[in-house]
Number of protein chains: 2
Amino acid sequence: MFSVTILGNNSALPAYGRFPTAQVVTLNEQAFLIDCGEGTQIQMSKYKIRRSKINHIFISHLHGDHYFGLVGLITSMGLLGRENDLHLYAPAPLKQILDLQFTVADTRLPFTLNFHALENEGLIVDDKKFTVECFKTQHRIECWGFIIREKKQPRKINKEKIKEYTIPSAYYERLKNGDDYETKDGNIIKNEILTIANTPARSYAFCADTIYDESLIDKVANVSLLYHETTYLKDLEDRATDRFHSTTIQAASIAKNANVSKLLIGHFSSKYEQLDIFEQEAKEVFFNTQLAIDGVTFLIK
Amino acid sequence: MFSVTILGNNSALPAYGRFPTAQVVTLNEQAFLIDCGEGTQIQMSKYKIRRSKINHIFISHLHGDHYFGLVGLITSMGLLGRENDLHLYAPAPLKQILDLQFTVADTRLPFTLNFHALENEGLIVDDKKFTVECFKTQHRIECWGFIIREKKQPRKINKEKIKEYTIPSAYYERLKNGDDYETKDGNIIKNEILTIANTPARSYAFCADTIYDESLIDKVANVSLLYHETTYLKDLEDRATDRFHSTTIQAASIAKNANVSKLLIGHFSSKYEQLDIFEQEAKEVFFNTQLAIDGVTFLIK
C-alpha cells in the first residue's frame, strides 16, 4: 500500500470548503504528513487518519497556508498522550516559532520532538524500506520539495527453477538480491532464470510551491506520481510568474518532460470556485492528470 | 441587535466536529471576536460571518485552543485586502509570536494591527456606544475575561407631556440625559414626567478558562448574559480544580450568585461526546442555562 490522501488543496486561505495544503502519504505501516495548513487535524478526524500513526512530518516552507495547523496538531498529539518520537523536517525558523508557543503555554510534550532543519538537497531519511529526499523549489521564500521512494524490492525466488537446478537454500538471499549462481563445476546460472522480478520501486514527489522551473524536471524524473502546484489557469501565466506560482500548462509540461507516470495538481487559487477546467487544461499537455481533491486517496503505482 | 455566535465550544483540541473556543459578539454594526481557536476562519465562512466586519479581537490566554487560529485569520484579512485598523487585545507575548510568523513569511499586512497588551483590570475600550472591560481569571497561565456593555441608553421624550408643558425643543437633549425642567416661574417639572425610560443597557461577560473562583461573582454581577466554562461534569470536581477548570455546578453557582439573567456554558472536555447532561446539571442550580453550541447565535437581552 503506497498512497497519498489529500487533506487540503487550496492556496493562501480556506475557501469553498477547501482547506489549505496538507497531504498524508501512507507507505505500508508508515504515515508521513507533508505540509500542515490550518485545520489539518480537523481534516484528519474527518477522514479517519489517526494522528498517532504519523512519525514523520515534512514542511515545505513557512507561508501560513502550509504550516499554521502544525502547532495545534503537535499540541494535540501531546494531549492525547503520544509517546513515540516525532521527526519534523522543516526550514530552520520553524523551531523558534514552535518553541515560543510551547513556552508561553507552558506546554510540555510527553514525547520527543526531533527537529531537523532542512539545509542541503539530498537524502534526509534512510529507512530499511524507504527513503525521503528533499530538493529546493523556487518560491518567494525558502521552499523545499520532497520525494518519498520505496527501496528497490528484492527479486522473488522461482520455486520450480530452484528445484530444477537444486540450489541450496543458504543461497536464496543472494539470489533475491540479484546474484547469479555458480555451480560446483563452474557453470553460471543467470539470476534471471532463478528469480522473478518483484514490483518495481514506486515513488512520490511533492513539488511544494514553485514558479515554473525546468530544473525540476531532473529532480523529479520518472517518479510514479508527481504532485505539482497549479495555483492559476493558463491565462494567468504572468500573474503566476509574478507570485512565484505555476499554471496548469506549466505543471503538465514539467510532468511530461520528467516522464512521470501520473500528475496530481492542487494549490488552487481562491479566485476559482470550479476546478474542472484545471484538469482539462493540464490534460491538453499531460493526459494522466488528476485534481488533488480534499479527502481523496490516490494510489501510487 | 446584541448577540453572541458560538464558533467553537470544545476544550483542548477539536473533537466530534466541535471546534476550539471562538465567539463573535455582534452589537449593532460592530462585531467583536473573543478567542480564536484553530479553524475559526473556517467556521466564519461556514456561518457567514464576514472577516471584514471584525475590528476588535480579544484573546483570553495563550493556550493554543484559544488562539491558534489567529495568525491565519489575520493573514487572510491581509490577503483579502483589508484596509481598516484592527485592534487586538491579548496577553503581551502574543505580539512576539505574531511578529515572528509574519517576518518569516515576509508578510506585510495592508492594514494597521494595533496590539494592546492586557495589563490591568478595567476599561480597555471606551466607544460612544459601548465599553469593554477586562478582568483576571484564575487559570494555569495568565488569563483574562471580558465584559462588553452597551452604554446606558438616553431616555425617550414623552411627546404628549412635552406639548402639555410647552417645553422648548432646545431643551430636549438635556431631558434625554435625565435633567429636570425648570419653568420661567421657578417650578420644577421632574424628568420622569417628561420622558420614558429606554431599554436598559445590556451586557455580556466572557469568563474564559477558570477554576471555580468566587471573586468572579462581583466581577460579572448582574450581566445580561454570562458565558462560563464547564470543562467537566459535577462528578469530576477534583479534576477540574487540579486543571484550573470548572464544573457545571460551579459555573451555575457563579451565575446564580452574580444574579445574571442567563448563563451560557461551553469549553467541554473531549471526554464527552454527548453534551445534554451538562445543561441538565447546570439547570439544577441555575435554570436559565443553555449550551454554547457551535453555529448557534444567542440574543443578549
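The values are calculated or read from the model by the stated rules, or taken from the named source; none is laboratory data. Computed from a predicted structure; not experimentally measured. Ideal geometry is used to build each Cβ from the backbone, glycine not excepted, and the neighbour counts take in all protein chains shown.
Quick check on segment A:133-192: of everything there that is among the aliphatic types (A, V, I, L, M) and over 30 Å from residue A:245 (Cβ atoms), which residue is surrounded by the fewest Cβ atoms within 10 Å (Cβ to Cβ)?
This residue is A:170.
Looking only at segment A:200-224, which residues are buried (at least 19 other Cβ atoms within 10 Å of the Cβ) and assigned to a helix (DSSP H, G or I)?
A:216, A:219
Are any of the residues in segment B:225-240 among the basic types (Lys, Arg), surrounded by fewer than 19 Cβ atoms within 10 Å (Cβ to Cβ) and free of Cβ contacts under 8 Å to residues at least 60 places away in the same chain?
Yes: one or more hits.
Report yes if residue A:162 is modelled with pLDDT of 95 or more and either out of contact with any Phe, Trp or Tyr (no Cβ under 6 Å at 6 or more places or on another chain) or not in a helix (DSSP H, G or I) (or both), otherwise no.
Here the answer is no, as residue A:162 does not meet what is asked.
Within segment B:78-88, can you find the residues that are in a loop (DSSP other than H, G, I, E, B) and of a type outside the set (A, V, I, L, M)?
B:81, B:82, B:83, B:84, B:85, listed by residue number.
Tell me, which residue of segment A:108-126 that is over 16 Å from residue A:57 (Cβ atoms) and in contact with a Gly (Cβ under 9 Å, 6 or more places away or on another chain) is surrounded by the fewest Cβ atoms within 10 Å (Cβ to Cβ)?
Ranking the qualifying residues of segment A:108-126, first place goes to A:108.
Among (1) in contact with a strand residue (DSSP E or B) (Cβ under 9 Å, 6 or more places away or on another chain); (2) surrounded by fewer than 24 Cβ atoms within 10 Å (Cβ to Cβ), which single condition is residue B:282 missing?
Residue B:282 satisfies all of (1) in contact with a strand residue (DSSP E or B) (Cβ under 9 Å, 6 or more places away or on another chain); (2) surrounded by fewer than 24 Cβ atoms within 10 Å (Cβ to Cβ) except (2).
Table: residues versus (1) touching a Lys or Arg at 6+ places or on another chain (Cβ under 6 Å); (2) farther than 26 Å from residue B:97 by Cβ; (3) part of a strand (DSSP E or B).
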residue: A:71; (1), (2), (3): no, no, no
residue: A:76; (1), (2), (3): no, no, no
residue: A:95; (1), (2), (3): no, no, no
residue: A:100; (1), (2), (3): no, no, no
residue: A:108; (1), (2), (3): no, no, no
residue: A:120; (1), (2), (3): no, yes, no
residue: A:124; (1), (2), (3): no, yes, yes
residue: A:132; (1), (2), (3): no, yes, yes
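Looking at (1) within 25 Å of residue B:264 (Cβ to Cβ); (2) surrounded by fewer than 16 Cβ atoms within 10 Å (Cβ to Cβ); (3) charged (D, E, K, R); (4) in contact with a Pro (Cβ under 9 Å, 6 or more places away or on another chain), which is the only condition residue B:83 fails?
If we test residue B:83 against (1) within 25 Å of residue B:264 (Cβ to Cβ); (2) surrounded by fewer than 16 Cβ atoms within 10 Å (Cβ to Cβ); (3) charged (D, E, K, R); (4) in contact with a Pro (Cβ under 9 Å, 6 or more places away or on another chain), just (1) comes out false.
Quick test of your reading of the structure: residue A:129 fulfils all but one of (1) at pLDDT 95 or above; (2) surrounded by fewer than 15 Cβ atoms within 10 Å (Cβ to Cβ); (3) closer than 30 Å to residue A:73 by Cα. Name the failing condition by number.
(1)
Scan segment A:4-35 residue by residue and report those that are assigned to a loop (DSSP other than H, G, I, E, B) and over 22 Å from residue A:151 (Cβ atoms).
Across segment A:4-35, the qualifying residues are A:9, A:11, A:12, A:13, A:14, A:16, A:17, A:19, A:21.
Quick one: would you say residue A:137 is more than 14 Å from chain B (Cβ to nearest Cβ) and either in contact with a His (Cβ under 9 Å, 6 or more places away or on another chain) or within 23 Å of residue A:78 (Cβ to Cβ) (or both)?
When the stated conditions are applied, residue A:137 passes them.
For segment A:165-199, what are the residues that are among the basic types (Lys, Arg) and assigned to a loop (DSSP other than H, G, I, E, B)?
Within segment A:165-199, A:184, A:190 qualify.
Within segment B:89-103, does at least one residue satisfy the condition of being of a type outside the set (S, T, N, Q), touching a Pro at 6+ places or on another chain (Cβ under 7 Å) and over 17 Å from residue A:64 (Cβ atoms)?
no
Being part of a strand (DSSP E or B) and either within 14 Å of chain B (Cβ to nearest Cβ) or surrounded by fewer than 18 Cβ atoms within 10 Å (Cβ to Cβ) (or both) is the filter here; which residues of segment A:36-62 pass it?
Across segment A:36-62, the qualifying residues are A:36, A:55.
When you check residue B:26 against the structure, is it of a type outside the set (A, V, I, L, M, F, W, C), more than 14 Å from chain A (Cβ to nearest Cβ) and touching a strand residue (DSSP E or B) at 6+ places or on another chain (Cβ under 6 Å), yes or no?
Answer is yes for this residue.
If a residue has to be on the phi > 0 side of the Ramachandran plot and buried (at least 20 other Cβ atoms within 10 Å of the Cβ) to count, how many in segment A:1-21 make the cut?
Number satisfying all stated conditions: 1.
Please go through segment A:248-289 and pick out each residue that is assigned to a helix (DSSP H, G or I) and touching a residue at least 60 places away in the same chain (Cβ under 8 Å).
none
Please count how many residues of segment B:72-108 are facing chain A (nearest Cβ under 7 Å), more than 19 Å from residue A:72 (Cα to Cα) and under 24 Å from the mean Cα position of the chain (by Cα).
0
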